[in-house]
Number of protein chains: 2
Amino acid sequence: MAPRTRRSQRRTEALSRERIVEAAVELLDTAGESGLTFRALTERLATGPGAIYWHVADKDELLDAATGAVVAAALAVEPATHAEAAELAKPAESPDSPQDKIRAIAFGLFDAIEDHPWLPTQLALQLSRSPWGSVTPQIFEGIGRQVRALGVPEGHWFTATSALVHYILGATGQNAANAANAANTASARTLAPDVDREEFLDAASKAWGELDPDDYPFIRAVAAQMREHDDREQFLAGVDLVLTGITALHLPGEQDRTTPPAT
Amino acid sequence: MAPRTRRSQRRTEALSRERIVEAAVELLDTAGESGLTFRALTERLATGPGAIYWHVADKDELLDAATGAVVAAALAVEPATHAEAAELAKPAESPDSPQDKIRAIAFGLFDAIEDHPWLPTQLALQLSRSPWGSVTPQIFEGIGRQVRALGVPEGHWFTATSALVHYILGATGQNAANAANAANTASARTLAPDVDREEFLDAASKAWGELDPDDYPFIRAVAAQMREHDDREQFLAGVDLVLTGITALHLPGEQDRTTPPAT
DNA sequence: TCCACTATGGAGCGGTGTTCCAATACTGGA
DNA sequence: TCCAGTATTGGAACACCGCTCCATAGTGGA
């Protein structure tokens, strides 16, 4: 059982589930997924494993909680923060449209991986391990409300929402690797603009380019675009693609409100 | 280094990377992800860890190889095997259309999780860990060729293919949990039709239905559909949704060839 | 004052991935 | 045919992990 009431102060700040989760997130951020260890955690919190296990059942549960906390923070950001990206692509569209809100959620998660490179892996794990956990529903709910607001008929809510969520989580995950590289060196947003990100993409697209041309003609063909693409733009294009599918399929009267044919 | 030439027979079948990967897949299938242990592997192959490490660098590399082998097998199945599902939804469409081939690939992977419940987790992990590995390109290439065949302009190949691949892998993953349950009891295809699958979905949708109605109104609303939906049908609907987005966005002249407005 | 209960920290257990190394199987050349 | 020398093997040992168990300390109520 967990502590029920808050008690008087101790010499050191009392241990709590929140403090543990917070420490776990920091460890994940600074030391990577393999850095989150009960040993490291006990050292950081100046306690023993037993104390931690009184607040948390499992390492899995701890990972769940850490992921949930980060996702909640990412979803709680002011939607306007990410409006730039949305307006970047559709200046003519109402800024409060469900489409824009979906894009805002998507970018909220997309941007969260910059500080938390371990996020996509955990999201993917929890999606395929326990979809009914505490974190997947957060995302599903956020996207789903906007799908409903779009006017999608109720019978298709699940499919439409799933398509969006899966794309967002998948694409976010694919971009995790480079983000991890960028984050490992110095503060991410500084000038020195991703020297090793280039290096990394070089290696990746080189690896793809070196695949057997007979077996992988398509991949070799897109390897070039891979190197030049802008992550956020590409990501947004994918979200809009799914949005287009939803509106074209379920809102026959409103195709014009979605992305016009690309240039 | 790996063995270069095949040698004469030994008393026991010579150890080889193939034999190791094969054993790993069997262990994963029968004992789950936690069942793949170097100890279990050495016992099954009647050897020591050192011998295995001469053929395989890492446990990660072993998992990669196992995943790659299973994916290759799944993609190699006769496309007609899964045509049923495609025709189920669009009897009027040419059976060899790129759309149908994409659906066939999707169902190939979808069906593979029945025998290999660990697949989606590994796919998700490798997608977010090393997208340039040996398994992601296989899927990307297969889907990408059909995207190209659809007539999508080259500049959008990457986005369109990504959207499809991410949806397929994500949705496959989400369905992994129930499949795992179904597989754990007796042979999967037998009569006794998923007693515990129902049980499982009950628990899942019940858990969703019990979420705080104030925080999760949307999820509670779809929890009902969740229980009744047919996995394959739902999965197909998602694939078609993305396909519709692709054609509507990039092939303005051919919307009529894709899914008509649902009933 | 005593007691039941919450909460803590540490010793230690079983198990894991991995390394290291001595011993063996095998090969090509003398 | 024998003999280096390399390719391959099996097993002991290591460092580390998640986790359990337990003796103990703090706390509030009777």
- Task: Mind telling me which of the residues B:76, B:92 ends up being modelled with pLDDT under 95 and under 16 Å from the mean Cα position of the chain (by Cα)?
- Result: B:76
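If you take the residues of segment A:134-145 that are touching a residue at least 40 places away in the same chain (Cβ under 8 Å) and within 9 Å of chain B (Cβ to nearest Cβ), which of them is nearest to residue A:159 (Cα to Cα)? Give the steps one after another, and end with the answer.
Within segment A:134-145, the first condition is being touching a residue at least 40 places away in the same chain (Cβ under 8 Å), and the residues that meet it are A:134-135, A:138-139, A:142-143.
Right, trim to within 9 Å of chain B (Cβ to nearest Cβ) and you get A:138, A:142-143.
Numbers: A:138: 17, A:142: 15, A:143: 12 Å.
Residue satisfying both the conditions and the ranking: A:143.
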- Taking segment A:12-46 as the region of interest, how many residues are touching a residue at least 40 places away in the same chain (Cβ under 8 Å), assigned to a loop (DSSP other than H, G, I, E, B) and within 13 Å of DNA strand C (Cβ to nearest atom)? 1
- Mind checking which residues of segment A:216-236 are modelled with pLDDT under 95 and of a type in the set (A, V, I, L, M)? A:219, A:221, A:222, A:223, A:224, A:226
- Message: Every residue in segment A:143-162 that is among the small types (Gly, Ala, Ser) and surrounded by fewer than 21 Cβ atoms within 10 Å (Cβ to Cβ), please.
- Response: A:149, A:151, A:155
- Message: Quick check on segment B:125-132. Is at least one of its residues at pLDDT 90 or above, hydroxyl-bearing (Ser, Thr, Tyr) and not in a helix (DSSP H, G or I)?
- Response: no
- Task: Starting from segment B:47-70, keep only residues that are outside any helix (DSSP H, G or I), then list their pairs with residues that are hydrophobic (A, V, I, L, M, F, W, C) whose Cβ atoms are within a distance under 7 Å, requiring at least 6 positions of separation or different chains.
- Result: B:47/B:15; B:56/B:20; B:56/B:62
- Only unsatisfied item for residue B:239, checking (1) more than 7 Å from every other protein chain (Cβ to nearest Cβ); (2) modelled with pLDDT under 85, is (2)
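The rows are residues; the columns are (1) more than 10 Å from DNA strand D (Cβ to nearest atom); (2) over 23 Å from the mean Cα position of the chain (by Cα); (3) at pLDDT below 95; (4) of a type in the set (Gly, Ala, Ser).
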| site | (1), (2), (3), (4) |
| --- | --- |
| B:3 | no, yes, yes, no |
| B:27 | yes, no, no, no |
| B:36 | yes, no, no, no |
| B:41 | yes, yes, no, no |
| B:52 | no, yes, no, no |
| B:55 | no, yes, no, no |
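The values are calculated or read from the model by the stated rules, or taken from the named source; none is laboratory data. Computed from a prediction, not measured in an experiment: that's the story for all the values here. For neighbour counting, all protein chains shown are included, and Cβ atoms are generated from backbone atoms with ideal geometry for every residue, glycine included.
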